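Q: The structure under discussion is supplied below as C-alpha cells; questions concerning it will follow.
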Amino acid sequence: MNDFFGMIISFVFVCIILIVAEILNRYTNTSEEFNRKFVHIGVSNWWIISMMVIDNKLYASIPPFIFIILNYISYKKSIFKSMKRNQKESLGIVYFPISLLILVFIFWDVNIYIGAIGILIMGYGDGLAALFGIKFGLNTFYIGSNKKSFIGTFTMFMASFIISIIFLSIAESFGTSTILISFIIAIIATILELITPFGLDNITVPIFSSILAYFLININNDFYFYINRILIGFIFSGLIGFLAYKKRSLTVSGLIGAIILGTTIFVTTGFFGASIMILFFISSSFLSHFKKKDKTLVASQFDKTGDRDIFQVFANGGIGLIYSILYFFTKEIIFIYMFIVAFAAANADTWSTELGILDKNNPISLRNLKRVSKGTSGAVSILGTISGFLGAFLIATYGYIYIYLFSDIKHNILVLFILTVSGFLGTIIDSLLGASVQAIYLDENGNETEKKFINQSIRKLSRGFKIINNDFVNITSILLATLFVLVLL
C-alpha cells in the first residue's frame, strides 16, 4: 500500500478513537478514568495498524509528531474532554505520542515488533491496571503521592508478560528464553510504572521496555549469563530490601528503588559493585537506628528521616548506578573508581549526619562560622567531620582491597588516598550547599527546618531556593565528589 494513504489510515484510526471517547464522555455515564484509559488503550493500537500499512519510517513518524502538538494544545485548552484528568495536572497525553515518535525512529527499520512491545505494554498494561485497580483494588499503597493497588500492579505485570511473549514469539521464536525475557520485561515495566511520577511513565515504560527487549534478544552467547545475573540480582536485592522494609529502613517505594538499584548494579558490575552497595546500605541503616531516641528532636528538622523512600535511594545510589552502567559498556577502570567514590561520598554524608548530631557540642554554621542548633543545614561538628572521613575511608578501603586482590590491576596506596579524600569531599560539598542554596523553611516556632510541608501546610521559605531540596543536594555533592577522581586519576 502507498505509504501516504497508509499514514492517512493510521491518522483516521486515532481520530475515530478520540471521537468515540468524546461520545462516551458526553452521552454516557462512563467515568472520567474509563474514558481516559479507553483512549490510552485504543491509541496504543496505532502501532499495529501502522505497521501493516506503512513501510517508510518518515511517514510513520508524521502522525505521532502531529499528535504531540494537538495533545499539547488540548492539554492547555481542554479540547478533548475525554483525555482530561481533573484531579491533577499531567502531561501524560503529550508524553505518549513522544514515545511513539522515539520508538518509530529507533525500531521501525530495525525490528518493528520490538517497538510494539513497549507501546502496547504502556497502552494495555497501564490502562488495564488503572481500570482493574479502581474496580477491584481494595488493598492500596502509595509511591510518593501516587496511589497504587496490588491488583492493579499485578494486572500491569500480567499484561506486560503476555504482550512480550506474543510479540517476541512473532519477532524471534517461542521458547524458554522467550518466557524468561518476557518475565524480566514485565517486572521492569511494572516497576517503572509504579515509580515514575508526573505522567512520565508514558515515556519510561514503552521506551525502556522496548530497549530491554532488544538488548535481551541480542546478547547471544551471553544470554543465560546475564539472565542469571538479572534473576540473582533481583532475588537478593528483593530479599535484602524486604528485610530493610520490615526493619523500617525502607518505605514501599524505597524497597522498589533498592531492587532496581541492586539488580542493575549486580548485572553491570557483579559481586564487586553489589557488595559495595550492600556495605553502604548496612552501615548507613545501622547508624540510622543507632541511639535513635537521642536523635528524635534533631531528626525532626530533617526533610526525610527514618525509612528511606525511592527518591532517597536514588539520591544516594543513582550516581553510582550511572557509573556502573558506563563501566559495563566501556570497561574503563576510571568508572569503577568513580563508582567507589560515589558510594564513599554517600556513606560519608550519612555517617557525618547520623553521628554528628550526637556530638555534645553544637555544630558550627558554614554560613557565618557561629555555633547553631543541632540539625541546622550547612553546619558541621568535629564528631560529624571525623565520622564522615571514616565513612568514606570504609568504602574506599573495601573497594581498593577488592580490586587489588581480585583483578590484574595493582594500584599504589595513592589511589586509596584519592578515593578516600574524594569521598570525604562529598560531605563537605553537601554541607556547603546546605549552608548556601538548599531550601530551608521556618516551622511554627520560627525554627529552621528542611521540611517544606508540616501538618499538610506549606512552610515559609527562610533561605535558599525552593527547587533545591536535600535529595538534590545529595545528588549534586556525590556527582561533584566523583569528578575529583576524574581529574586526579
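The values are calculated or read from the model by the stated rules, or taken from the named source; none is laboratory data. Quantities reported herein were computed from a predicted structural model and do not represent experimental measurements. Every residue, glycine as well, gets a Cβ built from its backbone with ideal geometry; the counts of neighbours run over all protein chains shown.
Q: From the list Phe38, Phe13, which one is in a helix (DSSP H, G or I) and farther than 16 Å from Met122 by Cα?
A: Of Phe38, Phe13, the one residue that is in a helix (DSSP H, G or I) and farther than 16 Å from Met122 by Cα is Phe13.
Q: Which one of these does Ser164 not meet: (1) within 23 Å of Ile260 (Cα to Cα); (2) surrounded by fewer than 20 Cβ atoms within 10 Å (Cβ to Cβ)?
A: Single failed check for Ser164: (2).
Q: Also, I was wondering about something else. Which is assigned by TED's automatic domain parsing to the domain that holds Ala116, touching a helix residue (DSSP H, G or I) at 6+ places or on another chain (Cβ under 8 Å) and in a helix (DSSP H, G or I), of Ala258, Ala244, Ala274, Ala186?
A: Ala186
Q: Six or more apart or on different chains, Cβ under 7 Å: which pairs go from a residue in region 380-407 that's more than 24 Å from Asp359 (Cβ to Cβ) to one that's of a type in the set (Phe, Trp, Tyr)? Could you list them?
A: Note: pairs meeting the criteria are Tyr402/Phe272.
Each row is one residue, and each column tells you yes or no for (1) surrounded by fewer than 22 Cβ atoms within 10 Å (Cβ to Cβ); (2) within 32 Å of the chain's Cα centre (by Cα); (3) closer than 17 Å to Phe132 by Cβ.
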residue	(1), (2), (3)
Cys15	yes, no, no
Leu24	yes, no, no
Tyr27	yes, no, no
Ile41	yes, yes, yes
Ile48	yes, yes, no
Met51	yes, yes, no
Pro63	no, yes, no
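Q: Taking the conditions exactly as written (charged (D, E, K, R), at pLDDT 90 or above and assigned by TED's automatic domain parsing to the domain that holds Glu332), does Asp408 satisfy them or not? Before the answer, list the steps.
A: Values: charged (D, E, K, R): yes; at pLDDT 90 or above: no; assigned by TED's automatic domain parsing to the domain that holds Glu332: yes.
Answer is no for this residue.
Q: OK, next. May I ask you to list the residues in region 106-127 that are assigned to a helix (DSSP H, G or I), at pLDDT below 90 and more than 17 Å from Phe183 (Cα to Cα)?
A: Residues satisfying the conditions are Ile106, Phe107, Gly127.
Q: Report the residue count in region 142-168 for those that are in a strand (DSSP E or B), of a type outside the set (Lys, Arg) and under 23 Å from Phe183 (Cβ atoms). Spell out the reasoning first.
A: Start the filter on region 142-168 by keeping residues that are in a strand (DSSP E or B), which leaves 142-143, 146-149.
If we keep only those that are of a type outside the set (Lys, Arg) too, we end up with 142-143, 146, 149.
Then keep just the ones that are under 23 Å from Phe183 (Cβ atoms); that gives 143, 149.
So the count comes out to 2.
Q: Sticking with this structure for a sec: I'd like to check something: does region 138-147 contain any residue that is at pLDDT below 85 and farther than 17 Å from Ile256 by Cβ? Steps first, please.
A: Residues of region 138-147 at pLDDT below 85: 138-147.
Of the ones still in play, those that are also farther than 17 Å from Ile256 by Cβ are 138.
Looking for residues that are at pLDDT below 85 and farther than 17 Å from Ile256 by Cβ, one finds at least one in region 138-147, hence yes.
Q: What residue, of Asn362, Asn368, Asn347, is among the polar types (S, T, N, Q), within 16 Å of Leu287 (Cβ to Cβ) and either assigned by TED's automatic domain parsing to the domain that holds Leu279 or in contact (Cβ under 8 Å) with a residue 40 or more places away in the chain (or both)?
A: Among Asn362, Asn368, Asn347, only Asn347 is among the polar types (S, T, N, Q), within 16 Å of Leu287 (Cβ to Cβ) and either assigned by TED's automatic domain parsing to the domain that holds Leu279 or in contact (Cβ under 8 Å) with a residue 40 or more places away in the chain (or both).
Q: Among the residues of region 225-236, is there at least one that is at pLDDT 85 or above, crowded, with 17+ Cβ neighbours inside 10 Å and closer than 24 Å to Gly133 by Cβ?
A: Yes, that holds for at least one residue.
Q: Scan region 247-268 and tell me whether some residue there is among the aromatic types (Phe, Trp, Tyr) and surrounded by fewer than 23 Cβ atoms within 10 Å (Cβ to Cβ).
A: Scanning region 247-268, I find no residue that is among the aromatic types (Phe, Trp, Tyr) and surrounded by fewer than 23 Cβ atoms within 10 Å (Cβ to Cβ), so the answer is no.
Q: Still on this model: Are there any pairs, at least 6 apart or on different chains, whose C-beta atoms fall under 8 Å, with the first in region 1-28 and assigned by TED's automatic domain parsing to the domain that holds Leu101 and basic (Lys, Arg) and the second surrounded by fewer than 20 Cβ atoms within 10 Å (Cβ to Cβ) and in a helix (DSSP H, G or I), and if so, which?
A: Close Cβ pairs satisfying both conditions: Arg26/Lys81.
Q: Working carefully through the options Gly133, Gly125, find the one that is surrounded by 20 or more Cβ atoms within 10 Å (Cβ to Cβ) and either among the acidic types (Asp, Glu) or over 21 Å from the mean Cα position of the chain (by Cα) (or both).
A: From the options Gly133, Gly125, the qualifying one is Gly133.
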